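Just below is one structure, and these are the notes that go with it.
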Amino acid sequence: MIVVGVKYGALILFFFLNLGLALCQESDKAIETNAINYFNQNKFTEALPLFSQLLSLYPKDDRYNYYYAACLIETNQQIEKAIEYLKFAESKNNAPIIKYYLGRAHHLSYKFTEAIEYYNAFLQLVSSKQAKDLMVQKFIEMCKNGQELIQYISDLTVVDNRRIKSENYFYSYDLKEFDGKLVIKPKELKSSVDKKDEAANMVIFLPSNSNVIYYGSYGTSKANGRDIYRIERLPDGKWTKPENIGNVINTPYDEDFPFLHADGKTLYFSSKGHNSMGGYDIFKSTFDSINNSWTKPVNLDFPINTPYDDYLYIVDKDEFYAFFTSNRETRDNNITVYKIVVDKN
């Protein structure tokens with residue numbers, strides 16, 4: 001039997017308590033390292049639970065409050081809660097990036113005036129290159145668009161909505177009465193640039209009674225983002241070369257998800273340019289056969305469009321029902337497909 005004196009027993013207990021504390025601190029440091037690595041690789045879903053764990057242990061740490069809130073925003077969840085964490089971080093730390101994320105959080109919460117204030121505060125503290133990399137001037141422009149568009153709220157009559165994984169969303173479009181179908185973009189319509197970018201491997205609408213197909217593509221360069229192109233089937237069955245439909249529709253930002261209505265002249269598409277209030281907004285343009293040009297695109301307004309990504313608007317030939325997809329009110333890799341009654345006002 002080993003007998004340990006009270007004095008030495010206390011010393012041993014003190015040693016093991018300190019050893020345990022050191023091991024815990026070392027473990028926390030490893031968690032932090034992994035979390036920050038995930039964050040820097042834009043793997044926000046993986047980083048989120050790690051920062052949540054750290055924040056539960058150190059709730060007053062401004063860094064963990066910031067990182068956790070940023071992950072919430074990047075994974076599109078609990079935006080209002082993220083604002084609380086960011087405001088706490090801001091009270092202890094004047095890092096410009098906190099103001100940027102406060103701008104993003106208010107932007108996504110439709111608080112456009114507050115978002116502009118935070119974006120401008122960020123601009124005052126960073127270089128023009130940093131601001132450009134984060135598209136802050138564009139976000140400010142989007143917020144101003146939102147202030148204008150939010151004035152014209154119309155009703156959104158939802159017949160059905162399905163929240164699903166983003167890679168499967170187009171299966172939820174029931175297009176039996178829509179004179180066409182959605183298909184994975186065939187390789188023949190992918191440019192060499194498209195083939196190098198998984199995000200460019202989108203679906204396209206294939207009409208049943210038309211010889212013209214519209215689709216999104218980077219073309220030969222990513223410099224101006226994705227544009228809308230068209231091809232036409234000739235009488236001999238061959239297809240024309242892809243034609244960019246021009247800068248009335250296409251902007252320096254991304255345009256994609258085109259749908260030509262059964263009337264053969266009304267084009268719906270999604271754009272991050274024009275007067276988008278954030279991400280992709282859905283627009284409408286009509287082909288003027290007299291002037292051989294498209295009319296100025298019209299934003300379909302809130303609540304079809306939001307500061308989130310809203311896209312692939314497909315309407316039936318009688319313009320009674322329409323489908324569209326959005327990542328509003330979702331999280332991580334989930335999106336929602338809505339079927340709505342078209343507001344004709």
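Checked against the criterion of being within 30 Å of Ala70 (Cβ to Cβ) and in contact with a Leu (Cβ under 6 Å, 6 or more places away or on another chain), the candidates Tyr110, Tyr118 yield just one match: Tyr118.
Among residues of region 282-297 that are at pLDDT 95 or above and crowded, with 17+ Cβ neighbours inside 10 Å, those with a beta-carbon under 7 Å from a residue that is part of a loop (DSSP other than H, G, I, E, B) and of a type in the set (Ser, Thr, Tyr) at least six positions away or on a different chain give the pairs Ser285/Thr295.
One residue alone among Phe122, Phe139 is free of Cβ contacts under 8 Å to residues at least 40 places away in the same chain and hydrophobic (A, V, I, L, M, F, W, C), and that residue is Phe122.
Scanning region 336-345 for residues that are outside any loop (DSSP other than H, G, I, E, B) and open to solvent by 10 Å² or more (accessible area, probe 1.4 Å) yields Tyr338, Lys339, Val341.
The set of residues in region 298-328 that are open to solvent by 40 Å² or more (accessible area, probe 1.4 Å), not aromatic (Phe, Trp, Tyr) and not in a loop (DSSP other than H, G, I, E, B) contains only Val298. Entry remark, region 213-227: residues being aromatic (Phe, Trp, Tyr) and open to solvent by 10 Å² or more (accessible area, probe 1.4 Å) number 2 in total.
Residue count for region 228-261 under the criterion of being within 21 Å of the chain's Cα centre (by Cα), surrounded by fewer than 21 Cβ atoms within 10 Å (Cβ to Cβ) and modelled with pLDDT of 95 or more: the result is 1.
The residue that is nearest to the chain's Cα centre (by Cα), among those in region 167-179 that are over 14 Å from Thr325 (Cβ atoms) and touching a residue at least 40 places away in the same chain (Cβ under 8 Å), is Phe178.
The values are calculated or read from the model by the stated rules, or taken from the named source; none is laboratory data. Just so you know, these numbers come straight off a predicted model, no measurement behind them. Quick reminder, even Gly has a Cβ in these numbers, built from the backbone with ideal geometry, and neighbours come from all protein chains shown. Keep in mind that these areas ignore ligands, DNA and RNA; they rest on the heavy atoms of the full protein, side chains included. Shrake-Rupley method; radii C 1.70, N 1.55, O 1.52, S 1.80 Å.
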